[in-house]
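All remarks here apply to the structure that follows.
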Amino acid sequence: MSNQIKLTTEPRDKQGKGASGRLRREGRVPAIIYGYQVEPTTVSVDALELYHTLHTEAGRNVLLRLDINGDTHLAVARDLQTHPVRGDYVHVDLLAVNKDVPITVEVPVHLTEEDDVADDGGVLNQILYTVPILVRPLDTPNSLELSVEGMEIGDVRRVEDLRDALPAGAEFDIDPERTVITMNAPISEEELEALEESAGIEEDEPEVIGEESGEAQASTDADTQASDED
C-alpha cells in the first residue's frame, strides 16, 4: 500500500467531557496524535472526512498524512472508538509512524478459489478473519489472499500458508501454526440435537389444554350460572 490520504486536523485547546460533546455536535471527532517525533497533541477531525478516509480499500490500515504545526507526519488510526448505539466515531488515536520502521497491523484474510473446493459436501469454517503482521507502513497490504482450492473434509489452512502473500521484509506477529480455516464435515440432525442438549437448549412445548383444564373451566361456568340464578 503506497497511497497516502491527507487528513485535516484542528488544534483542540479545551478538553473534558463537555468540550468533547460540543465538538461531536459540531460534526467533529476528538483525537490525539502521538508517536514518532510527535509530542502528544490533542486535536479534532471532521467526522465525515474521517469516515471516508477509513473506508477506502485499505480500511483502517490506511496511511494518513497529517499536517502538525507546519510539519507533515505519517500516521495510522488506532483505538477507534464508536458510539454503542449510533455507531458513529466518538474518538480516535492517531499514531505517528516512521516509514522505515515496521509496525504491527491487522490485515484482513481474503479467501480465493472458494468455488474450487472438493465436491465432498464439506463446509468451510473460517476462524481467523485478520492476521497481525509486522510491516513497514508504506508496504502494508490491503489484504492477504489465501487459496482454498482443492480443500477436502479434514483439511486445514494455517497462518504459515499466507507467507507467500506477505510483502518483502514483513513477518507474522502471530504463531504461524494458528489455524485460519478448516473444512468440516456437514453436521447431521442427530449431532445437532446432541449439541443442543449438551448446551442446555430445549424447545418450548406448547401448552396443551387437557381434560383437567376443561373440567376446571366447566366447574367455573357452572358456578357462574348458579350465581346468576341466585
Restricting the search to segment 20-42, which residues are among the hydrophobic types (A, V, I, L, M, F, W, C) and touching a residue at least 40 places away in the same chain (Cβ under 8 Å)? V29, A31, I32, I33, V38
Hey, can you tell me all the residues within segment 1-31 that are at pLDDT 85 or above and among the polar types (S, T, N, Q)? Q4, T8, T9
For segment 33-123, please list each of the strands (runs of 3 or more DSSP E) lying entirely inside it that holds at least 1 residues being over 19 Å from the mean Cα position of the chain (by Cα) and over 23 Å from K14 (Cα atoms). 63-68, 71-82, 89-97, 103-112
Selection within segment 1-32 - among the polar types (S, T, N, Q), surrounded by 11 or more Cβ atoms within 10 Å (Cβ to Cβ) and within 27 Å of the chain's Cα centre (by Cα): N3, Q4, T8, T9, S20
Scan segment 172-189 residue by residue and report those that are part of a loop (DSSP other than H, G, I, E, B) and at pLDDT 95 or above. D173, I174, D175, P176, E177, R178
For segment 159-171, which residues satisfy the criterion of being exposed (fewer than 12 other Cβ atoms within 10 Å of the Cβ) and assigned to a loop (DSSP other than H, G, I, E, B)? A168, G169
Looking only at segment 109-131, decide whether some residue is under 30 Å from G27 (Cα atoms), of a type outside the set (G, A, S) and surrounded by 16 or more Cβ atoms within 10 Å (Cβ to Cβ). no
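The values are calculated or read from the model by the stated rules, or taken from the named source; none is laboratory data. In this text, all values refer to a predicted model and were calculated from it rather than measured experimentally. Neighbour counts are summed over all protein chains in view; Cβ atoms, including those assigned to glycine, are modelled from backbone coordinates with ideal geometry.
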